[in-house]
Amino acid sequence: VLVDVASMFIPMEGGERLGFKITVVLGFSVLLLILNDLLPNSEVTPILGVFCAVCLVIMIISIVDSIFISYMLHLSAVRPDVPQWLKIWVLKHLAFILRIDTGEVTTSVVEKEADIQTRRCLQKEHDSAEIKLLKKVLLELLMIRRHMIMSKREEEAKSEWNMVAFVLDRFILICYLLTVFIILITVVVVWAF
């Protein structure tokens, strides 16, 4: 269980986390088979068996979490923008509860105003050949600038998806740790009395 918890700190971007978690669950399953042979047969389910079964279920839920996080990271390439409801619930509320600094990603209104002013300058009719050439160069530069702005926005959208995935991953990690801790305390209390 501790190794599975430690696997939550493997970077999300690669597929190593998912493969590692599946390996841990397979190893844990083998441990359960060996434990099944060692435990005596009884009509009452042993508390250790219940603890191991619950841990196996939690590990499988952790694998589903890793698949979900990988899917969200895939969405950063397919869907450029994070839906507004997801931004509000995850990046604002859940990140605040977990005390995770998300950093606000903003779009610039100044860029739109600069484009409008540039178009007004370019619309003058009575210009010399040199000024027309300079205007064509300016238009090409503006096209390059727009392309760079679009590339920057795509990168910001990917970073938003990464931040959503990170916040959800940390939330699931905390839920995972709380569940294991509660079950462990329950086992110790039941075993002691």
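If the chain between residue 129 and residue 48 were fully stretched, how many nm would it gain, using 0.36 nm times the residue separation less the Cα-Cα distance?
20.4 nm
Determine ³J(HN,Hα), in whole Hz, for all residues of the stretch 48-54 in sequence, where each value follows from phi through the Karplus function 6.51 cos²θ - 1.76 cosθ + 1.60 and θ = phi - 60°; x replaces Gly and Pro.
Values, residue by residue: 5, x, 5, 4, 5, 5, 5 Hz.
Label points 7 Å out from Cα along the Cβ direction at residue 32 and residue 152: separation in nm?
5.2
Per-residue counts of other Cβ atoms within 10 Å, averaged by peptide: what ranking do you get for 35-47, 169-181, highest first?
169-181, 35-47
With a 1.4 Å probe and all protein chains kept in place, how do 145, 17 rank by accessible area, largest first?
Reading off the accessible areas and sorting them downward yields 145, 17.
Starting with the highest mean, order 70-77, 131-138 by the number of other Cβ atoms within 10 Å, averaged over the residues of each peptide.
70-77, 131-138
At 1.4 Å probe size, what's the solvent-accessible area of residue 16? Round to the nearest 10 Å².
Solvent-accessible area, nearest 10 Å²: 120 Å².
Can you give me the accessible area per residue for the stretch 1-89, using a 1.4 Å probe, in Å²?
64
Hey, any idea what % of the stretch 29-82's accessible area is carbon plus sulfur with a 1.4 Å probe?
Details: 2500 of 3530 Å².
Ligands and nucleic acids excluded, carbon and sulfur give 71 percent.
The values are calculated or read from the model by the stated rules, or taken from the named source; none is laboratory data. None of the values given here were measured: they were computed from a predicted structure. For neighbour counting, all protein chains shown are included, and Cβ atoms are generated from backbone atoms with ideal geometry for every residue, glycine included. Protein only, heavy atoms only, side chains kept; ligands, DNA and RNA dropped before computing areas. Shrake-Rupley method; radii C 1.70, N 1.55, O 1.52, S 1.80 Å.
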